[in-house]
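Worksheet: the structure to be examined is printed underneath.
Please treat every number below as a calculation from the coordinates, not as lab data. In this text the structure is predicted, and so the values were computed from the model without any measurement. No Cβ is skipped: glycine too gets one built from the backbone with ideal geometry, and neighbour counts run over all protein chains shown.
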């Protein structure tokens with residue numbers, strides 16, 4: 001009897017899959033120890049990884065133009081290289097946490113964008129390549145509403161469980177006092 005070719009037999013050698021090489025951006029992301037967590041997951045939130053990390057271009061005679069910072073520029077910012085920022089542009093948080101145009105010391109870029117840990121008191125939202133800023137803002141708001149609804153729903157289910165438990169205990173106590181048990 002012949003076995004199908006995809007089945008291993010006891011004497012057949014084990015095949016190894018070729019290891020995938022990490023991309024350039026993955027290598028750069030791993031370059032900073034403080035921003036790397038277990039199994040390659042970043043454990044801290046910083047502006048260079050936030051979707052709302054934006055570049056505002058001020059061209060004379062036109063309205064300011066706000067764009068998401070590109071992945072390649074994020075990688076450079078992660079390493080403290082801000083040479084890609086043009087003189088007519090300013091970096092900022094689209095949600096208004098910080099802005100280079102408002103009395104900002106440009107020598108503090110590294111500290112504000114890379115080193116500052118953004119916790120729960122910030123609008124941090126992980127960068128989604130290709131997504132526009134207004135859409136990201138709306139999705140973040142929707143995600144927050146869903147989180148609050150789930151929290152409220154969880155509290156309601158706990159209240160229902162407590163009331164059912166207390167009703168069952170009261171019924172059993174009453175049944176015991178009135179000898180409603182058939183045995």
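Compute the length gained on full extension between residue 62 and residue 164: take 0.36 nm times their separation in residues and subtract their Cα-Cα distance, giving the result in nm to one decimal.
Full extension from residue 62 to residue 164 adds 30.2 nm.
Can you give the FRET efficiency for residue 108 and residue 84, using 1/(1 + (r/R0)^6), R0 = 25 Å, r = Cβ-Cβ distance, to the nearest 0.05?
Values: r = 18 Å, r/R0 = 0.70.
Step by step, r from the Cβ atoms, then E = 0.90.
Highest mean first, how do 144-151, 65-72 rank when packing is the count of other Cβ atoms within 10 Å averaged over residues?
Top of the packing list down: 65-72, 144-151.
Can you compute the modelled spin-label distance between residue 153 and residue 180, with each label point 7 Å from Cα toward Cβ, in nm?
Here the answer is 3.4 nm between the modelled labels.
When the chain is fully extended, how far beyond the present Cα-Cα distance does residue 132 get from residue 117, taking 0.36 nm per residue of separation?
Contour length minus Cα-Cα distance gives 3.0 nm.
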